[in-house]
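Written below as C-alpha cells is the structure these notes are about.
The values are calculated or read from the model by the stated rules, or taken from the named source; none is laboratory data. Keep in mind that what you see is a predicted model, and the values were worked out from it rather than measured. Here the Cβ positions follow ideal geometry from the backbone for every residue, glycine too, while neighbour counts run over all protein chains shown.
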Amino acid sequence: MTLSESELERYSRQLVLPEWSGEAQERLKSASAIVVGAGALGSPAATYLAAAGVGRLGVVDEDVVELSNLHRQPLHWSPDVGRQKAENAALKLGVLNSEVAIDPYPVRLDEQNVAAIVMGADVVVDCSDSFATRYVVNDACCAQRVPLVEAGVLGFQGLVLSIRPGESACYRCAFPTEPPAGSVPSCREAGVLGATAGVLGSIQALEAIKLLTGVGTPLLDRILQIDAASMEQTIVSTTRRADCPACGRLGAAPQSD
Amino acid sequence: MTAGALDLTGVACPMNWVKIKLALERLAPGDELTVRLDPGEPLESVPRSAREDGHAVAVDGELVTIVKR
C-alpha cells in the first residue's frame, strides 16, 4: 500500500513526527475502525480518526440530531437538526477526508447486531452513553479479540481505558458490575460542557491510533481519570480477572501480521 | 553505497523532509541517499532533521548525502 502525493501532503505534519513513519501511516490506512456513538465523544473521536487517515471508519448511532446536542457534538451543526446522526457524521467526515471509506450504521447497537458490526474491525472506539451499551461492546470485542477504547464522561469527570482482549484488563475486569439503573445519573441529567467531552473523545482517537499503529504506549491496564474542572489527571492501574466472564478464558492473542 | 537520489528543488519544508524520510524507510542501514535541496530553509533544516534522526549527513553545496543509520 503506497501513499499518493496528496496523501503525503495531507498527512505531512504527522509524517514528520519522529515517532511516526510512512509505515505507520500505511498501517493506519489499511485499518478499519468502528466508532460507537456519533455524539459528544464520538464527534471528536471520529473526526480525528478520519483526519489522521484511518482507511475505513464505521459510525454507529440511531439518534437524530437535536438542538440540545450541538453544544457538545461538533460534527452536527445547526442546519443538521432533525438529520440522522450516523448519516450526518458520515457526510461531514467524507468531506473532511475523502480518502477514508465511511460506513454509517443508523441503528441502535445491541446484543443482536453488535457481533456483525464489530466483526473485522481492527479497533472499536466506544463513545456510547450508557453502561449497558459499554458492556455489550466490551463483551463482543472480547469474544472477537478486537482492541477497544472505552471512555466515559460525566460532568467534569472523565475516564479512558484501552483494551487488548486476552492481553490486558477489559472493561468488565475494571468495572465488574453495572451500576443499578438510576443510581448513576445519565449524561442528560448530569450535564456536561462540550469541551470536556472533546478532551476525552480526542484521547480516545489518540489511543485508537496508538493501538492500530504500534506508535506510543496505549492505556492498557491503566485507567486515565481526568477532572477537567481542576485538570487533575490520575492513572489508576487495573488488571485482568481470571474469573472475568468476558475475557477470563481468552489466552494470549495469536500473533497477527 | 549510493542507493538513491532525489531532486527536491522547489519542494518546501516540511514536504522535502517527508519525502526523504519515506525514501530512507525503504533503504537498508548504511545505504546512501543523495538529495538536491533549495538554499535557505531546506538546506538549513533538512540536514539538521536527518542528524537528529541519527543519520550521518554530508553537505556539498546544494547536494546533501544522507547515510541511513
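Values for this structure:
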{"item": "Answer residue from segment B:6-38, given it is closer than 11 Å to B:Val64 by Cα and touching an Asp or Glu at 6+ places or on another chain (Cβ under 9 Å) and is farthest from the other protein chains (Cβ to nearest Cβ) among those", "result": "B:Arg36"}
{"item": "Enumeration of residues in segment B:57-69 that are more than 10 Å from the chain's Cα centre (by Cα) and either under 23 Å from A:Glu23 (Cβ atoms) or within 13 Å of chain A (Cβ to nearest Cβ) (or both)", "result": "B:Arg69"}
{"item": "Filter pass, A:Ser98 being within 20 Å of A:Ala208 (Cβ to Cβ) and modelled with pLDDT of 95 or more", "result": "no"}
{"item": "Enumeration of residues in segment B:12-31 that are among the charged types (D, E, K, R) and either surrounded by 17 or more Cβ atoms within 10 Å (Cβ to Cβ) or closer than 16 Å to A:Ser12 by Cβ (or both)", "result": "B:Lys19, B:Lys21, B:Glu25"}
{"item": "Test: A:Ser168 is touching a residue at least 12 places away in the same chain (Cβ under 8 Å), of a type outside the set (Phe, Trp, Tyr) and either in a strand (DSSP E or B) or surrounded by fewer than 18 Cβ atoms within 10 Å (Cβ to Cβ) (or both)", "result": "no"}
{"item": "Checklist (1) surrounded by 13 or more Cβ atoms within 10 Å (Cβ to Cβ); (2) of a type outside the set (A, V, I, L, M); (3) in a strand (DSSP E or B); (4) over 19 Å from the mean Cα position of the chain (by Cα) applied to A:Thr234, failing item", "result": "(1)"}
{"item": "All positions within segment B:1-24 that are among the hydrophobic types (A, V, I, L, M, F, W, C) and under 11 Å from B:Leu37 (Cβ atoms)", "result": "B:Leu6, B:Leu8, B:Val11, B:Ala12, B:Cys13, B:Trp17, B:Ile20"}
{"item": "Unique residue being buried (at least 21 other Cβ atoms within 10 Å of the Cβ) and among the basic types (Lys, Arg) when the list is A:Arg134, A:Arg83, A:Arg108, A:Arg145", "result": "A:Arg134"}
{"item": "Which listed residue is buried (at least 16 other Cβ atoms within 10 Å of the Cβ) and touching an Asp or Glu at 6+ places or on another chain (Cβ under 8 Å), from A:Asn97, A:Asn88", "result": "A:Asn88"}
